[in-house]
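Remarks on the structure that follows.
The values are calculated or read from the model by the stated rules, or taken from the named source; none is laboratory data. Given the structure is predicted, the values throughout are model-derived calculations rather than measurements. As a convention, Cβ positions derive from the backbone with ideal geometry for all residues, glycine included, and neighbour counts pool all protein chains shown. Remember, those area values only see protein heavy atoms, side chains included, never the ligands or the DNA or RNA. Shrake-Rupley method; radii C 1.70, N 1.55, O 1.52, S 1.80 Å.
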Amino acid sequence: MESNKRPETMERITTKALADAFIAEQIAAIRAQVGEKKVLLALSGGVDSSVCAALISRAVGKNLTCVHVNHGLLRKGEPEQVCEVFRKQFDVNLVYVDAVDRFLDKLAGVSEPEQKRKVIGAEFIRVFEEEARKLSEIEFLAQGTIYPDILESGPVKAHHNVGGLPDDLKFELVEPIKFLYKDEVRVVGSALGLPDAMVNRQPFPGPGLGVRCVGAITRDRLEAVRESDAILREEFAKNGLAGKVWQYFTIVPDFKSTGITDGKRTYEWPVVIRAINTRDAVTATVENVPFELLEHITDRITHEVRGVNRVLFDLTPKPSATIEWE
Ligand code: XMP
């Protein structure tokens with residue numbers, strides 16, 4: 001059986017030269033494993049699956065097919081960026097699946113956090129399975145597994161795996177970055193020419209914005225999460241916080257409060273801002289975001305996001321709170 005232990009002789013990849021050497025080595029290894037056969041990959045647009053896709057496409061070209069499932073819980077602009085980068089820059093065979101209605105219909109009325117995760121995970125497997133069955137002669141399944149996933153050292157992907165593909169769709173795995181730590185994956189991603197915004201993305205949970213639209217997801221409240229998240233990201237980038245803060249996002253809870261707009265009374269949702277720093281996601285502290293910036297973001301969110309009349313800043317470290325709200 002293939003070892004799941006990082007070779008002791010493997011040097012830590014910290015420079016472009018080391019990344020280039022790793023890329024050349026992996027291209028040869030992938031070609032030796034796969035030959036002229038076809039490879040399938042679920043491309044979420046996260047760092048790991050993106051680096052994996054770029055690397056395998058360098059090795060086998062059009063024999064790689066990527067499937068990008070838009071489950072409606074992605075951040076603003078993400079599906080477009082995935083299609084743009086992988087179709088235009090890497091010339092990859094990319095199947096884009098618009099599964100937004102399917103997921104949101106399945107999620108309607110589901111309010112319990114773990115149940116939501118199960119619905120999203122199970123539906124994802126179903127969509128991916130359908131796409132895999134449409135393609136012929138696939139023998140390999142590529143996965144962006146990285147070393148911390150194997151070591152299970154952190155909770156970041158711990159809730160991730162919800163079952164798997166059925167037995168008749170068991171492909172041989174291709175896992176070219178399984179011995180890399182996250183920082184090494186980023187160095188390799190840059191060396192492969194992936195855009196900075198993709199390589200240096202903050203962690204994003206598998207169930208996406210779904211766990212930030214607290215309680216049962218509705219389309220209008222999900223849109224409020226997506227739009228407020230886009231404003232927060234834009235302002236953090238403009239103000240030098242994007243590369244500094246480990247994870248930052250907005251949450252829209254499932255309750256309303258009173259407000260006033262143009263002299264009229266409103267009854268709308270609040271948006272909660274979360275900005276935290278951590279080493280391993282096991283404990284976390286809150287970023288000291290400048291008050292003036294918070295005021296500016298509040299002004300933008302209350303004016304630009306439909307259905308929102310109030311903005312709150314979450315001051316709670318982990319513990320006692322978790323990083324996400326669900
Ligand atoms: P919590 O909320 O448990 O989050 O303090 C710790 C880290 O894990 C991420 N997270 C998830 N990642 N699937 C994932 O892939 C999930 O279901 C999930 N839930 C939380 C969270 O964003 C944070 O970085």
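Got at least one residue in region 71-86 being within 16 Å of the ligand (Cβ to nearest atom), touching a residue at least 24 places away in the same chain (Cβ under 8 Å), touching a Lys or Arg at 6+ places or on another chain (Cβ under 6 Å) and in a loop (DSSP other than H, G, I, E, B)? For region 71-86, residues within 16 Å of the ligand (Cβ to nearest atom), touching a residue at least 24 places away in the same chain (Cβ under 8 Å), touching a Lys or Arg at 6+ places or on another chain (Cβ under 6 Å) and in a loop (DSSP other than H, G, I, E, B): absent. Does at least one position in region 129-140 carry a residue that is among the aliphatic types (A, V, I, L, M) and under 26 Å from L232 (Cβ atoms)? Looking through region 129-140, none of the residues is among the aliphatic types (A, V, I, L, M) and under 26 Å from L232 (Cβ atoms). Could you list all residues from region 234-270 that are open to solvent by less than 30 Å² (accessible area, probe 1.4 Å) and of a type in the set (G, A, S)? Within region 234-270, S257, G259 qualify. Looking at (1) surrounded by fewer than 19 Cβ atoms within 10 Å (Cβ to Cβ); (2) assigned to a loop (DSSP other than H, G, I, E, B); (3) within 15 Å of the ligand (Cβ to nearest atom); (4) modelled with pLDDT of 95 or more, which is the only condition G109 fails? Result: G109 passes all but (3). The residue of region 198-212 that is nearest to the ligand (Cβ to nearest atom), among those that are open to solvent by less than 10 Å² (accessible area, probe 1.4 Å) and under 14 Å from F103 (Cα atoms), is V211. So which residues in region 287-298 are touching a strand residue (DSSP E or B) at 6+ places or on another chain (Cβ under 9 Å) and either over 13 Å from L241 (Cβ atoms) or not assigned by TED's automatic domain parsing to the domain that holds G243 (or both)? Passing the criteria: only T298.
Restricting attention to region 289-314, and to residues there that are within 24 Å of the chain's Cα centre (by Cα) and of a type outside the set (V, I, T), which single residue is farthest from the ligand (Cβ to nearest atom)? Among those that are within 24 Å of the chain's Cα centre (by Cα) and of a type outside the set (V, I, T), it is F313. Going through (1) aliphatic (A, V, I, L, M); (2) within 16 Å of the ligand (Cβ to nearest atom); (3) surrounded by fewer than 20 Cβ atoms within 10 Å (Cβ to Cβ); (4) modelled with pLDDT of 95 or more one by one, L173 falls short only on (2).
Of the residues D299, D280, the single one that is farther than 20 Å from R75 by Cα, at pLDDT below 95 and open to solvent by 50 Å² or more (accessible area, probe 1.4 Å) is D280. From the set of residues in region 9-51 that are β-branched (V, I, T) and surrounded by 14 or more Cβ atoms within 10 Å (Cβ to Cβ), which is farthest from D196 (Cα to Cα)? Step by step, filter region 9-51, then rank; the result is V34.
S190 meets the conditions (1) touching a strand residue (DSSP E or B) at 6+ places or on another chain (Cβ under 9 Å); (2) open to solvent by 20 Å² or more (accessible area, probe 1.4 Å); (3) hydroxyl-bearing (S, T, Y) in every case but one. The failed one is (1). Being over 30 Å from L222 (Cα atoms), more than 24 Å from the chain's Cα centre (by Cα) and either in a helix (DSSP H, G or I) or assigned by TED's automatic domain parsing to the domain that holds E234 (or both) is a condition met by at least one residue of region 33-44.
Find the residue count for region 75-93, including only residues that are crowded, with 20+ Cβ neighbours inside 10 Å and either within 12 Å of T65 (Cβ to Cβ) or among the aliphatic types (A, V, I, L, M) (or both). Residues that pass the stated criteria total 4. Within region 317-326, the set of residues being in contact (Cβ under 8 Å) with a residue 12 or more places away in the chain and surrounded by 15 or more Cβ atoms within 10 Å (Cβ to Cβ) comprises P317, K318, I323, E324, W325, E326.
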